[in-house]
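Visitor: Dropping a structure here in structure tokens format, bear with me for questions.
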Amino acid sequence: MAERVTNWSGSVSFTPETIAAPKHTGQLITLLKRAGRDGATVRPMGSGHSSTPIFSTSDVLLSLDNMSGVLEVEPDAGWAKVLPGTGLRDLGEQLAEHGVAMENLGDVDYQAIAGAISTATHGSGITLGNLSSTLIGGVLINGLGEEVPFGVDAGVSPAESVSDDLLRAAQVSFGTLGVLTSLTLRVEPAHHLHRLNWITHIDWVLENYAELVETNRSMDFYWYPRSDLAQVRTLNKPGDEPALTPEGEPYTELKKDVTGPNYEVIPNDRMLHFEEMEYMLPFDQDLAAFRRVRERVKAKHRAEVGWRVLVRTIAADHAMLSNTEAEYRQGSPSMTIALLQNNTLPFKRYFDDIEPIFWQFDGRPHWGKKHTLKGAELAPLYPQWDAFHGIRRSMDPDGLFMNDYLHELFGEEK
Ligand SMILES: Cc1cc2nc3c(=O)[nH]c(=O)nc-3n(C[C@H](O)[C@H](O)[C@H](O)COP(=O)(O)OP(=O)(O)OC[C@H]3O[C@@H](n4cnc5c(N)ncnc54)[C@H](O)[C@@H]3O)c2cc1C
């Protein structure tokens, strides 16, 4: 038995039989074939920042930490080939050496690139897709131990990639098609961003939300349930900042004003560990879902909620299991609402009570955060559900990459 493994928030833990950390593809293939022969299962893990048991296993846990770094960059063509265990922070620094950068990032940069992509990690911005939408190709080792290139790595042009089924399945696949060993990412020329974080009253945000979303490259806000204050965070190319900024005495205060490379300015440090539930909902400039959540929190949960509620936006994309996948919402962007609760405080009663509001507003859950949906409820939310699982079964016919949680999530018998 290996040592007990615990995720970042502390709510998921398990003891694998072994933890393997291959240094190259050859070792990985040998390991997968051996596991298959032994009747064992294998789960890859990134940095363990998900708070669902999507990486749990009592057999072989796979760390990709020894397969890290940028392999190749074509700045003019706008792509970079990277190894799966590359941490997002290192990735930003290494891409910058080649004069390129990721289009957008999430709230932190602790994750490994393959882990972040596999659950559709996103930042904020109505025209900016999640990280998975920047995956234009790569290589995975499937459940039979075969090396399978997809997307541009299989000769599909970037223009055709929206109709490449294997790519669209691989973009958000929780390591169930295979282990990603190389990821080809669409990148942009390196650029600076100007971050402004303001504290203001939530009423000002509600009144000005539509304009804030439309005029900023990226905008999100936190609502602090106990005080009714909000933190509005904007990111723009320096010189492109809109005129509208929070106002209203005595609440408004500029908390942060910083300019720098995007990979330094977008992510934040998170010392407080927390549990989180996040749903992707149809974009709505009137924030009806948020207003309903706020009413309910104020009526029932104010005393128990230690932290904040976060609202962001994301552009639609084409990944089959992306929770911002275009077909389901006719190409419209999404807004997300996330409940954050200190991991030292109870979260279940609070999350369980609010989750039905997300369902009423046609939400789809974040795959790496707390939710209670299973296959029967999830399948109707994903027009490509069956197509995805057909591809998954062809890539992993013997279920080498499955665990109990995934069987339930996919609504499949063991
Ligand atoms: C503090 C914090 C902040 C966060 N901020 C955001 C945010 O701003 N936006 C957002 O959308 N999410 C956010 N998340 C969620 C987080 O980005 C996702 O849960 C992400 O998947 C975690 O990446 P990871 O490297 O830790 O992967 P893990 O959680 O370790 O794994 C995630 C999935 O990737 C699979 N996987 C890992 N490596 C491979 C591989 N090589 N091949 C195939 N599959 C693989 C695993 O099997 C698993 O299914 C946050 C989480 C925390 C704890």
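The values are calculated or read from the model by the stated rules, or taken from the named source; none is laboratory data. Remember, predicted model here, so these are calculated numbers, not experimental data. Methodologically, a virtual Cβ is constructed for each residue, glycine included, from the backbone with ideal geometry; neighbour enumeration extends over all protein chains shown.
Visitor: How many residues does region 114-170 contain that are surrounded by fewer than 22 Cβ atoms within 10 Å (Cβ to Cβ), of a type in the set (Ser, Thr, Tyr) and farther than 16 Å from Val187 by Cβ?
Guide: 3
Visitor: Now for a different question. Test each condition in (1) of a type outside the set (Phe, Trp, Tyr); (2) under 17 Å from the mean Cα position of the chain (by Cα); (3) part of a helix (DSSP H, G or I) for Thr313 and report the one that comes out false.
Guide: All conditions pass for Thr313, except number (3).
Visitor: When region 25-50 is examined, which residues are found to be over 20 Å from the mean Cα position of the chain (by Cα) and either near the ligand (Cβ under 9 Å from one of its atoms) or within 26 Å of Leu91 (Cβ to Cβ) (or both)?
Guide: Of the residues in region 25-50, the ones over 20 Å from the mean Cα position of the chain (by Cα) are 25-42.
Selection gives Thr25, Gly26, Gln27, Leu28, Ile29, Leu31, Leu32, Val42.
Visitor: Please give the number of the condition Asn66 fails out of (1) assigned to a helix (DSSP H, G or I); (2) under 18 Å from Leu83 (Cβ atoms); (3) touching a residue at least 40 places away in the same chain (Cβ under 8 Å).
Guide: (1)
Visitor: Another question about this same structure. In region 331-359, how many are in contact (Cβ under 8 Å) with a residue 60 or more places away in the chain and assigned to a helix (DSSP H, G or I)?
Guide: 5
Visitor: Right, something else. Hey, Gly175 hits all of (1) part of a strand (DSSP E or B); (2) within 13 Å of the ligand (Cβ to nearest atom) but one; which does it fall short on?
Guide: Only one criterion is unmet by Gly175, namely (1).
Visitor: Oh, and also: Among the residues of region 370-408, count how many are touching a residue at least 40 places away in the same chain (Cβ under 8 Å) and either in contact with a Gly (Cβ under 8 Å, 6 or more places away or on another chain) or in the same structural domain as Ser58 (by TED's automatic domain parsing) (or both).
Guide: Matching residues across region 370-408 total 7.
Visitor: Among the candidates Leu144, Leu167, single out the residue that is more than 26 Å from Met271 (Cα to Cα), more than 8 Å from the ligand (Cβ to nearest atom) and touching a Lys or Arg at 6+ places or on another chain (Cβ under 9 Å).
Guide: Exactly one of Leu144, Leu167 is more than 26 Å from Met271 (Cα to Cα), more than 8 Å from the ligand (Cβ to nearest atom) and touching a Lys or Arg at 6+ places or on another chain (Cβ under 9 Å), namely Leu144.
Visitor: For region 201-212, indicate whether the set of residues that are in the same structural domain as Pro333 (by TED's automatic domain parsing), closer than 20 Å to Val258 by Cβ and part of a helix (DSSP H, G or I) is non-empty.
Guide: Among the residues of region 201-212, at least one is in the same structural domain as Pro333 (by TED's automatic domain parsing), closer than 20 Å to Val258 by Cβ and part of a helix (DSSP H, G or I), which makes the answer yes.
Visitor: Among the listed residues Leu167, Leu196, Leu140, identify the single one that is under 16 Å from Asp317 (Cβ atoms) and touching a strand residue (DSSP E or B) at 6+ places or on another chain (Cβ under 6 Å).
Guide: So the residue among Leu167, Leu196, Leu140 that is under 16 Å from Asp317 (Cβ atoms) and touching a strand residue (DSSP E or B) at 6+ places or on another chain (Cβ under 6 Å) is Leu167.
Visitor: Looking at Pro53, Pro16 in this structure, which one is within 11 Å of the ligand (Cβ to nearest atom) and modelled with pLDDT of 95 or more?
Guide: Working: Pro16 fails: within 11 Å of the ligand (Cβ to nearest atom).
Only one candidate passes the filter, namely Pro53.
Visitor: Restricting the search to region 110-129, which residues are farther than 19 Å from Tyr222 by Cα, more than 7 Å from the ligand (Cβ to nearest atom) and either touching a Gly at 6+ places or on another chain (Cβ under 7 Å) or not aliphatic (A, V, I, L, M) (or both)?
Guide: Thr127, Gly129
Visitor: Scanning for something farther than 24 Å from Ser161 by Cα and of a type in the set (Val, Ile, Thr), does region 57-79 turn up at least one residue? Give the steps one after another, and end with the answer.
Guide: Initial filter on region 57-79 (farther than 24 Å from Ser161 by Cα): 57-69.
Okay, now just the ones that are also of a type in the set (Val, Ile, Thr), so 57, 60.
Scanning region 57-79, I find at least one residue that is farther than 24 Å from Ser161 by Cα and of a type in the set (Val, Ile, Thr), so the answer is yes.
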